[in-house]
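Everything below concerns the one structure shown next.
The values are calculated or read from the model by the stated rules, or taken from the named source; none is laboratory data. Nothing here was measured: the structure is a model prediction, and the numbers come from that model. When we count neighbours, we look across all protein chains shown, and the Cβ atoms used for this are built from the backbone with ideal geometry, even at glycine.
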Amino acid sequence: MNDISFTSRRTRNVSASDDVLELDPFEHASPAPLTPFEIVQEGTEEASVTPAPNQRANDGTETNAPSRTRTMVVSEVAGMAEMVALGLAKDDGLEVSHKRVALSDLVADQDVDLDAIDLIVFQVRTGNDADLKTLRDLKSKRGAALKVLGVSSEMLSLATARALMDAGVDEVMPLTSMQPSSAHADQVEAAVDPAQAIQAGVTRNAVIVAVAGARGGIGTTAFALNLATVLARRAHKKDTGPLPRVAVVDFDFQNGVLGASIDIHDGGAYLELLKGEVEPDQTFVKRALVPYDDGGFDVLSAPASIAPLDALTPGMVATLLDELRLAYDYVVLDLPRSLVDWVDPVLVRADRLYILGDTTVHTVRQMRRMIDLYADDHAALPIDLVVSKQTRPFIPGADIKEAETFLERKLEFWVPDDSRSAKRANDKGRPILHERPKSPIAKAMAPAIGVLREMQASTTRRRA
Ligand SMILES: Nc1ncnc2c1ncn2[C@@H]1O[C@H](COP(=O)(O)OP(=O)(O)OP(=O)(O)O)[C@@H](O)[C@H]1O
Ligand SMILES: [Mg+2]
C-alpha cells in the first residue's frame, strides 16, 4: 500500500549537527541513548564512526585510500546499531554509519540515500514481514550492488534464516560472532539453531502455491487437490530419485471440505494451533500433516469443530509456511473467500497465486477485486487466472475479450467441466486427477504444473 520512495537527498552532504552522534570506540561501555546518525562524507571527522587507521598518514592527513564499502547499520533497539557499527568500523574496508531505525522504515527515511549504500547490516526481527518485504524491494531495485547482512542476538530458527535469505539477505550472523570483516564467509549455519536444523532433516525449499476462488463452488478445492496429485508424481516416467514431497493446507478451515473430500481427518493438531496452544514448528508440521497415501501427499485438514477465521494470526501463518517450506517441495494452499488479515503473510511467501472464476459478469468483477486486493501490496507475486468448469472457446467471443480487458490480464487457464469424473471422484473420496488421470482437466492443468516444476527445479530461485 505504501509506495517505497527512494529519496534522492544525499545525506553525505548533511553537515554535522546535534543529530550527529560522535562516537569514540573507547567510550561506549554505557551506550548513550541513540540519536539518528547520518552518513557523512569520508573525512568529515566529527561524524565518522571510526576513521580507519590505515587511511591516515602518521601526520594525520588523509591518504588516497581505496574506496571503502559504504555500510549502514540499522536496528530499532537502542544501542544495538551503535554497538555493531563500532565493531564493523574496525574493518578498514568499511565506511560505517548507523541509525536507530527498523529496516522496514529505512526506505522512507528522508535522511538516508539508499543508493549511496553498498552494505546494509540490520538486526533480524523474527517473523517480521515488513522487513522481508523491504528486503525484496531493495534487492529487486539494486540487485547485487547492494549486500545485506542480518545479525541476530538469538539463535534463529532454520525457517527464519531461510525466509531471510529468500528475501535477499546475503548472510545471517549471530551477533556474538560479529567479527569486523567486509568479506564474511557464509555464516548462516552458525546463526541457525542446530537442533532445529537436525530436526528438519533434509531441508527443502518448497514452491508455495496459493489457490483462491472468486465464488463459492467454482472448484477451488478440487483444483488445489488436483495440483497436489500431479505435483506429487514424477514429471517423467523415466525419472528416478525421490518423489516430490507435497503438502496441502486447508486454510478454508471453516468450510472444512478439503480433507473430508478425500477421507482425511484432522487429528486435533490444527485446533490446538487455532487455540494458540502450540507453535507451528517442525514438530507441529510432523504431527499435524496427515499422509494421504493414495495420492502421495500430506494434508493439513480442517478441525472437526468450527473456529473463527481470526483464530489464525499473521504470525502463526508466517511461521507455519516457513516451516512447511523447509519440509516440502511444494506447498499448496486452499484459501478462504473471506478477507482475513493473515492472507498477507501468505502473499508475501507465495510463489504463485491462482484465482479461479468463470466468465459471468459478477464473477469477473469479483476476480478484478481480488487481483486489486492481492496485487496491491505484492506487485511481484505472479497471479494466474483460471476459468473453471469451462472449455476455452476456439474463437473467443466479445464477452471474453471484454472480460480480459476489464481484468487487464489474460484468462490464462481454462479447466473444462468434467462432471462425470468429478462425480466419480466425489463418490470414491479421491481427487479428480487421482481417480481419472486422463481427464481433460489434466491436459488443461499441464502448463500450470510445468511452470511450478520449473520453479522448483530452478537452482537460482533461492539459495537453498
Ligand atoms: N472441472 C470440474 N468439472 C466438473 N466438476 C468439478 C470440476 N471441478 C470441481 N468440480 C466439482 O464442483 C464441486 C465444487 O468443487 P469445490 O469444492 O472444489 O469448489 P470450491 O470452489 O472449493 O467450493 P467452496 O466454495 O465450497 O470452497 C465439487 O463437487 C467438485 O467435484
Ligand atoms: Mg473449497
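Report yes if Pro303 is out of contact with any His (no Cβ under 6 Å at 6 or more places or on another chain) and within 16 Å of Ala269 (Cα to Cα), otherwise no. Against the criterion (out of contact with any His (no Cβ under 6 Å at 6 or more places or on another chain) and within 16 Å of Ala269 (Cα to Cα)), Pro303 qualifies. Taking the range 401-421 as the range and being under 26 Å from Ser439 (Cβ atoms) and of a type in the set (Phe, Trp, Tyr) as the test, the residues that pass are Phe413, Trp414. Taking the listed residues Ile371, Ile355, the one that is surrounded by 19 or more Cβ atoms within 10 Å (Cβ to Cβ) and in the same structural domain as Gly259 (by TED's automatic domain parsing) is Ile355, with no other qualifying.
Scanning the range 299-324 for residues being more than 17 Å from Gly259 (Cα to Cα), surrounded by 17 or more Cβ atoms within 10 Å (Cβ to Cβ) and among the polar types (S, T, N, Q) gives a total of 1.
Scanning the range 213-246 for residues that are within 16 Å of ligand 1 (Cβ to nearest atom) and outside any helix (DSSP H, G or I), we see that the one that is surrounded by the fewest Cβ atoms within 10 Å (Cβ to Cβ) is Gly216. Are any of the residues in the range 325-348 without any contact (Cβ under 8 Å) to a residue 60 or more places away in the chain, assigned by TED's automatic domain parsing to the domain that holds Arg430, within 16 Å of ligand 2 (Cβ to nearest atom) and crowded, with 20+ Cβ neighbours inside 10 Å? The answer is yes, given that some residue of the range 325-348 is without any contact (Cβ under 8 Å) to a residue 60 or more places away in the chain, assigned by TED's automatic domain parsing to the domain that holds Arg430, within 16 Å of ligand 2 (Cβ to nearest atom) and crowded, with 20+ Cβ neighbours inside 10 Å.
Residues of the range 355-379 being away from ligand 2 (no atom under 16 Å from the Cβ) and assigned to a strand (DSSP E or B), which ones? Across the range 355-379, there are no qualifying residues. Of all residues in the range 414-448, those satisfying the criterion of being in contact with a strand residue (DSSP E or B) (Cβ under 8 Å, 6 or more places away or on another chain) and more than 19 Å from Val248 (Cβ to Cβ) are Trp414, Ala444, Pro447.
Out of curiosity, is Ala464 modelled with pLDDT of 95 or more and either among the small types (Gly, Ala, Ser) or within 16 Å of ligand 2 (Cβ to nearest atom) (or both)? It is false that Ala464 is modelled with pLDDT of 95 or more and either among the small types (Gly, Ala, Ser) or within 16 Å of ligand 2 (Cβ to nearest atom) (or both).
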